[in-house]
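The block underneath contains the structure these notes are about, expressed in structure tokens.
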Amino acid sequence: RQDANRLVAKIRPDFIAFNGDFIFSEDFVTGANTLWSQWLDDWQLTIGPAATKGRIIPMVPAFGNHEASDDIYKLFDIPNVNTYHAFNFGGRLFRLYTLNTDLECTSTQLDWLTNDLQLHTGTVDEPSWKGIQYHIPFMPHGEYSPANSLISCFTPHFQQYKIRLAMEDHSHIQKVTWPVMPST
């Protein structure tokens, strides 16, 4: 983690999309608060050299299965206790959606996503790029099974509203695939 944060300080990205599993905080009795404190201390390594004038790299967090249910909401000041949200970067350049795939496909989350995508599609304010992040993979490449309920719930929106980038992180590795689409 510290090496990765030092690398962030060197490359100076505009933001980090963090797809969950910050720490393993299931047991608060044995030190989850200490683990979060250590994680946040390590994040300071992203600040980088004096030449960057102390600029800390912004982060857009997603809920992972290692966090306690309200860790992300309490620590990162996101606008929704259920930890799904969206932000624009560079005005109309990029809109990043964050889903909480631990909630499966709730009508509340799906309605929010659908309404927000409709507001940001086919208008003069439509972003040039739309991306989405979530934790549980729809089509895992490791030991997990396909999440058919997530595929059938969310991927039609990926196609319809031109989401060109999807990031997931449950297996702690990034992958590149062809678009995931609902299919028989």
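The values are calculated or read from the model by the stated rules, or taken from the named source; none is laboratory data. Please read these numbers as outputs of a predicted model, since none were measured by experiment. Note that each Cβ is placed from the backbone with ideal geometry, even for glycine, and that neighbours are counted across all protein chains shown. Remember, those area values only see protein heavy atoms, side chains included, never the ligands or the DNA or RNA. Shrake-Rupley method; radii C 1.70, N 1.55, O 1.52, S 1.80 Å.
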With every protein chain in place, the accessible area of Arg55 for a 1.4 Å probe, in Å² rounded to the nearest 10, comes to 90
What FRET efficiency would be calculated for the residue pair Thr106, Gln159, taking the C-beta separation as r and a Förster radius of 22 Å, to the nearest 0.05?
-> 0.60
Got a sec? What order do Ile78, Ile47 fall in by accessible area at 1.4 Å, biggest, i.e. largest, first?
-> Ile47, Ile78
With a 1.4 Å probe and every protein chain left in place, tell me how much accessible area Cys105 has, in Å² to the nearest 10.
-> 50
Would you mind computing, in nm to one decimal, how far apart the modelled labels at Ile173 and Thr34 are, each placed 7 Å from Cα along Cα→Cβ?
-> 3.2
Could you size up the charge dipole of the range 1-158 around its Cα centre, putting +1 on the beta carbon of Lys and Arg and -1 on that of Asp and Glu, and report it in debye to the nearest 20?
-> 820
Taking only protein heavy atoms and a 1.4 Å probe, what accessible area per residue, in Å², does the chain have with all protein chains in place?
-> 56
Acute angle (nearest 10 degrees) that the helix 2-11 long axis makes with the longest principal axis of the chain, alpha-carbon atoms = 70
Kirkwood Rh, Cα atoms: Rg over Rh of the range 110-184 = 0.98
How many times 2.2 N^0.38 Å is the alpha carbon radius of gyration of the range 40-111?
-> 1.33
